[in-house]
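Asks: Next up is a structure, given as structure tokens.
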Amino acid sequence: MNAVPKIPSSLTDKQFHYCPGCSHGIIHRLVAEALDFHNVRERTVGVASVGCSVLAYNYFNIDMQQAAHGRAPAVATGIKRVLPNNIVFSYQGDGDLASIGTAEIVHAAARGENITVIFVNNACYGMTGGQMAPTSLIGQVTSTTPKGRSRVETGFPIKVTEMLSTLDGPAYLSRVSVHKPAQIRKAARSIQKAFRYQIENKGFSLVEILATCPTNWKLTPREAVKWLENNMIPHYPLGEFKDVEGCE
Amino acid sequence: MKKLLKGNVAIGEAAIAAGCRYFFGYPITPQTELSEHLATRLPEIGGVFLQAESEIAAINMVYGAAGAGGTVMTSSSSPGISLKSETISYIATAELPCVIVNIMRGGPGLGGIQPSQSDYFQATKGGGHGDYHLIVLAPSSVQEMYSLTTKAFQLAETYRNPVMIIGDGLLGQMMEPVEINDSFLTPSQMDKPWATTGCQNGQRRIINTLYLDPERLEEQNQKLQQKYSLIVSQEQMAESYLTTDAEYLLVAFGTTARIAKEAVEAARRKGIKAGLIRPITLWPFPVSHIAPFINKSRAVLTVEMNCGQMLEDVKLAVNGKTEVYFYGRSGGMVPSSKEILDKIIEMRDRSYECCS
């Protein structure tokens with residue numbers, strides 16, 4: 001008989017409000033496990049953003065601040081500059097980070113701000129009901145692209161992690177997914193590494209995590225996993241895009 | 001100890017004296033000297049100066065830093081404050097102490113860079129969304145830019161509320177001797193058990209402005225309103241000049257008050273009993289300093305470098321008991337004492353017409 005995994009001490013025992021099949025629950029757990037692994041729970045300050053994860057402060061068993069839409073990297077910067085020995089991370093969705101918050105994420109990365117960003121990309125605005133996000137794929141049907149996203153009218157999806165990898169500031173940039181157990185294990189290692197780099201004062205780290213949104217994609221959880229695999233991964237390839245250790 | 005300082009520099013030095021160690025800002029005229037001064041001074045004393053990518057990022061850094069327990073300031077000028085206003089609402093709601101400096105320029109729009117008082121409404125009536133108030137201080141000399149800045153940090157921490165200092169390019173750029181108060185020369189030691197510094201000592205802290213339950217949000221609003229009532233009852237400040245026997249009462253703040261004072265003196269030389277109330281706190285508006293003189297005065301004249309903003313608060317304070325006149329210049333134009341004197345004489349003549 002297998003042992004049942006315990007709740008990480010960096011998570012509260014509050015039940016998640018997320019929809020069935022949503023990836024946020026897994027990602028919350030991976031972040032909490034990474035904080036536990038590095039034994040930094042008591043010196044970590046998290047920043048929740050606006051979107052489905054706006055209530056993240058209810059789930060992470062740590063000190064938290066809730067930021068205005070898109071501004072989490074600036075808020076995290078303010079915290080880190082006051083508390084340079086604390087571990088500071090933001091938890092942001094793709095509407096928050098890749099649309100209204102593009103300036104803040106680019107400049108936090110360019111400064112090499114010693115923070116960690118957990119960037120959850122589910123190719124839509126989840127909380128407001130599945131509108132087109134800057135990460136929505138060409139042809140993707142959303143509530144504001146009812147005929148599918150058209151490149152003529154709305155342009156192309158933004159590959160944030162690749163874009164940030166052109167900057168000299170970041171120490172670690174990766175894209176992972178949590179749609180399969182093997183991928184979850186890889187994601188866990190990547191998130192752990194991102195926090196380790198911060199602990200070692202290496203500078204800015206960001207892990208983009210491809211995530212499912214069955215409710216807004218109008219798919220079952222099982223179909224959503226398939227859709228992510230068949231549509232998102234070809235456009236958003238997984239891997240490490242920047243690693244100062246790897247380059248050394 | 002007296003030092004000759006530029007207004008903008010005086011604010012920076014006072015902030016350091018009051019314990020401010022963190023500054024986040026974005027370049028904008030005419031507050032530039034303040035940022036530039038702190039870019040040199042803060043690192044010298046172990047503080048942090050960070051030029052943000054935008055006004056919006058700067059104020060959100062202030063939110064984060066204040067929430068982490070830092071004694072923090074930002075500065076900008078009119079259009080920059082508009083950009084910051086969303087997060088100023090968040091800061092007020094989360095009850096984070098900080099100081100925001102607005103060295104005003106002529107608006108609306110991109111406007112100009114010359115002195116103006118056109119952000120009175122923005123500073124005192126909101127600017128951002130929701131029912132919140134800033135404490136708003138209006139210095140009218142370089143000395144006051146120093147002393148009110150130290151006061152601003154005390155008020156911010158006492159009430160856990162953002163405090164705005166509003167000046168203009170004229171005050172920011174002029175040099176005057178300033179008495180330096182050494183008694184503040186230690187960083188703020190105020191205990192901040194609510195700050196998010198890591199939950200090593202038990203209960204975790206959350207800084208948040210989201211209340212999805214309307215009953216909880218109303219409770220938060222009531223809590224804020226109780227605090228605002230306390231501030232209104234405790235913190236009204238104004239200077240009275242020749243008001244004891246004044247028949248014609250001028251109300252003016254900041255730069256305009258300096259000129260209005262000259263006009264009052266000129267009126268006195270002509271035998272007109274004029275006096276001046278200079279609000280130092282714009283919010284809370286110093287009603288208690290104006291009210292005692294209303295029944296004795298024949299008329300009130302509000303002078304502003306805008307199109308009539310404080311005028312509304314003066315009318316509320318006067319409450320219909322006497323006539324309220326207005327003289328204003330806008331767009332960066334500064335009223336002369338002669339123009340104000342002419343308005344005092346006109347007011348005197350009109351009030352005689354009414355009463356005779």
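Asks: Under the rule a/c < 1.5 gives rounded, and otherwise a/b versus b/c splits prolate from oblate, where does the stretch A:24-247 land using the Cα gyration tensor? Walk me through the numbers before you get to the answer.
Replies: Values: a/c = 1.57, a/b = 1.53, b/c = 1.03.
Prolate shape, in that a/c is at least 1.5 and a/b is the bigger ratio.
Asks: Once R0 is set to 41 Å, what does the formula 1/(1 + (r/R0)^6) return for the Cβ-Cβ distance between B:K296 and B:V334, expressed as a FRET efficiency to the nearest 0.05? The partial results should precede the final answer.
Replies: On the way: r = 30 Å, r/R0 = 0.73.
With R0 = 41 Å, the Cβ-Cβ based efficiency is 0.85.
Asks: Please work out the Cα center distance from the stretch A:53-67 to the stretch B:45-105, rounded to the nearest Å.
Replies: 22
Asks: Just subtract the alpha-carbon distance of B:Q234 and B:R258 from 0.36 nm times their residue separation and send over the number in nm, one decimal. Numbers along the way, then the final one.
Replies: Numbers: separation 24, 0.36 × 24 = 8.64 nm, distance 2.57 nm.
Gain on extension, B:Q234 to B:R258, equals 6.1 nm.
Asks: Between B:K315 and B:E247, what is the FRET efficiency for a Förster distance of 22 Å, r being their Cβ-Cβ separation, to the nearest 0.05?
Replies: Numbers: r = 19 Å, r/R0 = 0.86.
Efficiency computed from Cβ-Cβ geometry: 0.70.
Asks: As a footprinting exposure proxy, order A:R81, A:R189 by other Cβ within 10 Å, with the fewest listed first. Walk me through the numbers on the way to the answer.
Replies: Numbers: A:R81 24, A:R189 14.
In increasing order of surrounding Cβ atoms, one gets A:R189, A:R81.
Asks: How large is the convex hull of the Cα atoms of the stretch A:1-151 per residue, expressed in Å³ as a whole number?
Replies: On the way: hull volume 19.4 nm³, N = 151.
Spelled out: Cα convex hull of the stretch A:1-151, divided by residues, is 128 Å³.
Asks: Let me ask something additional. Quick check: pseudo-label points 7 Å beyond the Cα along Cα→Cβ at A:E245 and B:Q220, how many nm apart are they?
Replies: 4.0
Asks: Modelling each spin label as a point 7 Å along the Cα-to-Cβ direction, I'd like the B:D349/A:T166 distance in nm, to one decimal.
Replies: Here the modelled spin labels are 6.8 nm apart.
Asks: Amide H of B:I113: which non-local residues (sequence gap of 5 or more, or other chain) have their own amide H closer than 5 Å, using H built in the peptide plane?
Replies: HN-HN under 5 Å from B:I113: B:G106.
Asks: Suppose only helical runs count, i.e. DSSP H with n ≥ 4. What mean residue ellipticity at 222 nm does that imply for chain B under -39500 (n - 2.57) per run, divided by all residues and rounded to the nearest 500 deg cm²/dmol? Write down the numbers at each step before the final one.
Replies: Numbers: 12 runs with 156 residues, N = 356.
Dividing the helical sum by the residues of chain B leaves -14000 deg cm²/dmol.
Asks: Here's another thing I want to ask about it. Stretch A:K6-A:V152 to full length: gain in nm at 0.36 nm per residue minus the Cα-Cα span? Let's see the in-between values first.
Replies: Values: separation 146, 0.36 × 146 = 52.56 nm, distance 4.94 nm.
47.6 nm is the gain from fully extending A:K6 to A:V152.
Asks: Run the count for the stretch A:24-247, please: Lys pairs, Cα-Cα under 23 angstrom, 8 or more apart or on different chains.
Replies: Lysine pairs satisfying the spacing and distance rule in the stretch A:24-247 number 21.
Asks: Here is a follow-up. Indicate the gyration tensor shape class of the stretch A:43-99 (rounded, prolate or oblate), computed on the Cα atoms with a ≥ b ≥ c the square roots of the eigenvalues: a/c under 1.5 is rounded; otherwise a/b larger than b/c is prolate and the rest oblate. Show your work: numbers first, answer last.
Replies: Details: a/c = 2.60, a/b = 1.36, b/c = 1.91.
It comes out oblate by the Cα gyration axes.
Asks: Sticking with this one: Is the stretch B:239-355 best put as rounded, prolate or oblate by its Cα gyration tensor, with a ≥ b ≥ c the root eigenvalues, rounded for a/c under 1.5, and otherwise prolate when a/b is larger than b/c, oblate when not?
Replies: Details: a/c = 1.36, a/b = 1.05, b/c = 1.29.
Rounded, because the longest to shortest axis ratio a/c is under 1.5.
Asks: Would you mind checking the tilt of helix B:214-234 against the longest principal axis of the Cα atoms of chain B, expressed as 0 to 90 degrees and rounded to 10?
Replies: 50
Asks: For A:T128 and A:N58 in the same chain, what is the full-extension length gain: residue separation times 0.36 nm, less their Cα-Cα distance, in nm? Spell out each step's value before the answer.
Replies: Values: separation 70, 0.36 × 70 = 25.20 nm, distance 1.97 nm.
Fully extending the segment from A:T128 to A:N58 adds 23.2 nm.
Asks: Relative to the longest principal axis of chain B, what angle (0 to 90°, nearest 10) does the C-alpha long axis of helix B:142-159 take?
Replies: Here the helix axis deviates by roughly 50 degrees.
Asks: 5 Å is the cut-off here: which amide hydrogens, built 1.01 Å from N in the peptide plane, fall below it relative to A:V88, excluding neighbours closer than 5 in sequence?
Replies: A:V45, A:T116
Asks: Compute the Kirkwood hydrodynamic radius of the protein assembly as shown, taking the inverse of the mean of 1/r over all pairs of distinct Cα atoms, and give it in Å to one decimal. Intermediate values should be presented prior to the final figure.
Replies: Working: mean 1/r = 0.0384 Å⁻¹.
Hydrodynamic radius (Kirkwood, Cα only) of the protein assembly as shown equals 26.0 Å.
Asks: Using only the alpha-carbon atoms, how far is helix B:78-94 inclined from the longest principal axis of chain B? Give it as 0 to 90 degrees, nearest 10.
Replies: 60
Any read-out appearing in this document is the output of simple, stated calculations on the displayed coordinates, not a laboratory observation. Only a predicted model underlies this, so the values are computations on that prediction, with no experimental measurement involved. Positions of Cβ are backbone-derived with ideal geometry, glycine not excepted, and every protein chain shown enters the neighbour counts.
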